[in-house]
Amino acid sequence: MTQKEKGYVGLGVMLVLAVGTVLGSDPLYKAVDAIGAEKVSYTAGTYTGTAQGFGGPVEAKVTVSESGIESVELKGDSETPELGGEALKKLAPAFAEANSSKVDAVAGCTVSSDAAMNAVQQALDQASGKSGAPAASAQTEDKADSAKGGASSYTAGTYEGTGTGFNGEIKAVVTVGSSGIEKVELTGDGETPELGGEALKKLSNAFVEAQSSSVDAVSGSTITSKGAMEAVQAALDQAQ
């Protein structure tokens, strides 16, 4: 092989390596991937989705236009305020910026992050017609109000429910009226008096104030708190 021919071969190898480097570059890869991705169209409106977080349900209220996500509101009353609560604050704008339900999880809050992503995806499935959930903004808001225990949600009366606490069964006696939850009595004979017992005392008023079975767990008594929420929800299910 002559020196000139060797030069052509070397030049060819360099060109192949250069093309491979460009094609393998991250920006171009993402661009090609985006072009090949399926285009999703939405019906403009506000939709809600829920998923189980670390301490309870995480709710996403997603407002979309035909072109994509306009805004996202995340709520997780049972998430630990300084961890899961802070994570939800960071994730809400991230979804709108990414125009997707898939974003980077917040470090140390993987469960809360995954719940937020699942909740947002549920809402987007409604917006794109992939699920049979209500499509109109007013309908989804009415459904959310119903979950909170509005006047039309419950039949007035006193109902009982049970949940699993730290060391046994927790019982909730819930009185509801035309305006919602009026009174909650919690008992858990197997709970540690100075921990779970005290937590139940605090939670009774919290349920009435929140007009919901989802409230912030009492610090140091997470299992007892979850058992109380489960018991109250069981009672409210009967009232509905």
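The values are calculated or read from the model by the stated rules, or taken from the named source; none is laboratory data. Remember, predicted model here, so these are calculated numbers, not experimental data. Note that we place each Cβ from the backbone using ideal geometry, even for glycine, and neighbour counts take in every protein chain shown. Just the protein is used for accessible areas: all its heavy atoms, side chains included, with ligands, DNA and RNA removed. Shrake-Rupley method; radii C 1.70, N 1.55, O 1.52, S 1.80 Å.
Label-to-label distance for ALA98 and ASP114 is 1.5 nm, based on points extended 7 Å past Cα in the beta-carbon direction. 3J(HN,Hα) along region 200-211: 4, 5, 5, 5, 3, 6, 5, 5, 5, 5, 7, 6 Hz, from the Karplus curve 6.51 cos²θ - 1.76 cosθ + 1.60 with θ = phi - 60°, whole Hz, x for Gly and Pro. Pairs from the table (LYS61/LYS171; LYS90/LYS201; LYS130/LYS183; LYS75/LYS130) lying more than 29 angstrom apart at Cα are LYS61/LYS171; LYS90/LYS201; LYS130/LYS183. The residues LEU83, LEU124, LEU74, sorted by heavy-atom accessible surface at 1.4 Å with ligands and nucleic acids left out, run LEU83, LEU74, LEU124 from largest to smallest.
Annotation: amide H-H contacts under 5 Å for LYS183 (H modelled 1.01 Å from N, sequence separation of 5 or more, or interchain): THR175. Between GLN52 and VAL58, the built amide H atoms are under 5 Å apart, and every one of these is 5 or more places off in sequence or on another chain.
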